[in-house]
Amino acid sequence: MHETPDKPRGAATAASKARAPQTVAATNGIVSNDVFGAVTPPLYLTSTFAFKDFEHSRGYDYSRAGNPSRDLLADTLARLEGGAGAVVVSSGMAAIDLVLSQLGRDDLVVAPHDCYGGTYRLLAARRDRGHFDVAFVDQNDAEALSAVLKRAPALVLLETPSNPLMRVVDIAAIAERAKAAGAKVAVDNTFLSPALQRPISLGADFVIHSTTKYLNGHSDVVGGAVIAADKSDVEALSAWASTTGVTGAPFDAYLTLRGLRSLFPRIERQQANAGAVADFLTRQQQVAAVHYPGLETHSGHAVAARQQSGFGAMLSFELAGGLEAARSFVEAVQVFTLAESLGGVESLVVHPATMTHASMAPEARRHAGIGDGLLRLSIGLEAEADLLNDIETALAAVSSRRQP
């Protein structure tokens, strides 16, 4: 990763390193341009950079390999996650694939049996092409995890809370066991962001983000990032990202950093709304189960309370009427939008079985616990009352269709 010519104000001081994460998100890179004194960091859209003279660059030569706008976002993410550095790439899937690119064909990856559908598809596809082996395991099953760790995996991939069932695993405990077995640990932190969870402090080697989601927060950019705890891993990932050309575009990095400025107040309000929605759903007769770690009845509540600083704004719930009940619900909502993705300021509803996890075989979905009546909600910044009224109206539509 390149040194950015426009350094954050006070970046070299000890005091700046101790600043709260909220301050880092809001101010890293502010008033960093010494030419005109611009408060907001400039956007570098150039594809190439002029050399100072023969055999001497100014620190940058070509934007695929390094760009100041992208590097400032990477620096901010590394500071927020407590890593040695970060690599910003073109999507969340590219971020996962970048970590996987460090593996060999004889290596084993241990992945959650209920991971995001896109992650499952990527892992299965690379396994089938002979790039490495994969074991999909319920990582809360102590015996199953012990058995697979005896196979000396190279990488243990965690997703906590899981997508879409919001299952929680103990990062510190699994990281300790994985490292004892010689494996590195990667955690997909997309659902919570560094505002609510910092996996490196819990023993992770890599943190993966779809920056499309909470980090950008406005549903107008697709991007990803990998933050590494060790500098040598940062260098290896950065070199490979440049070699394969998966690095993120400067304008996307600029927009993501712009969204990141408001991460903490956004997610604080969103999770307050999510808590209210989850509580409301637990009291509805049409709802068979609610999956939200903030509920004391959730099986992972105690672990989440210990390793997270909040319960987030993602939740899922199961309608008793299966597929037709789910259809009735999504056709009736007006405040919620039926769309994939998550983490934006607007509230979204997803039917995993036919949308985000449609690429999983039906038996794999059943094994993971993803049924036809399951709906996933990404809670936004709307008024709490409007969200609850919309859900109440949609549930009434579910009841109406079920009546003879």
Just to confirm a number: summing +1 for Lys and Arg and -1 for Asp and Glu over residues other than residue 379 whose beta-carbon lies under 15 angstrom from that of residue 379, what do you get? -3
Let's test this: bin the Cα-Cα distances of segment 40-185 at 5 Å from zero up to the farthest pair and state each bin's percent. 2, 8, 15, 17, 16, 13, 9, 8, 6, 4, 2, 0, 0
Per residue, the convex hull enclosing the alpha carbons of segment 263-402 has a volume in Å³ of 107 Å³
Express the relative contact order of segment 263-402 as a whole percentage, based on alpha carbon pairs under 8 Å and six or more residues apart in sequence. 29 percent
Sort 27, 356 by Cβ crowding within 10 Å, fewest neighbours at the top. 27, 356
Expressed as a rounded percentage, what relative contact order does the chain have, with Cα pairs under 8 Å and six or more residues apart? 17 percent
Which peptide among 296-304, 263-271, 93-101, 156-164 comes first, and what is the full order, when sorted by highest mean count of other Cβ atoms within 10 Å? 156-164, 93-101, 263-271, 296-304
Could you line up 179, 52, 184 from fewest to most neighbouring Cβ atoms inside 10 Å? 52, 179, 184
For segment 29-138 the mean separation of alpha carbon contacts under 8 Å (6+ apart) over residue count, i.e. relative contact order in percent, is 15 percent
Roughly how many debye, to the nearest 20, is the charge dipole of the chain about its Cα centre, given +1 on each Lys and Arg Cβ, -1 on each Asp and Glu Cβ, and no other charges? 340 debye
Do the sum for the chain: with -39,500 (n - 2.57) for every DSSP H run of n ≥ 4, divided by all residues, what is the mean residue ellipticity at 222 nm, to the nearest 500 deg cm²/dmol? -11500 deg cm²/dmol
Give me the percent of DSSP beta bridges within the chain that run antiparallel, rounded to the nearest 5. 60 percent
Among 206, 236, 395 the positive-end extreme of the charge dipole of the chain (Cβ point charges): 236
At 20 °C and a viscosity of 1.002 mPa s, what translational diffusion coefficient does Stokes-Einstein give for segment 228-294, taking Rh as the Kirkwood radius over Cα pairs? Give it in µm²/s as a whole number. 134 µm²/s
If we count other beta carbons within 10 Å of each Cβ, what is the order of 146, 262, fewest first? 146, 262
In the chain, if the dipole is taken from +1 on Lys/Arg beta carbons and -1 on Asp/Glu beta carbons about the Cα centre, which of 323, 189, 103 is farthest to the positive end? 103
Pairs of lysines in the chain (C-alpha under 17 Å apart; 8 or more residues apart or interchain): 4
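The numbers here are math on the coordinates, done by the rules we state, and not lab data. Values in this document were obtained by computation on a predicted structure and should not be read as measured data. Positions of Cβ are generated from backbone atoms using ideal geometry, with glycine treated the same way; all protein chains shown enter the neighbour counts.
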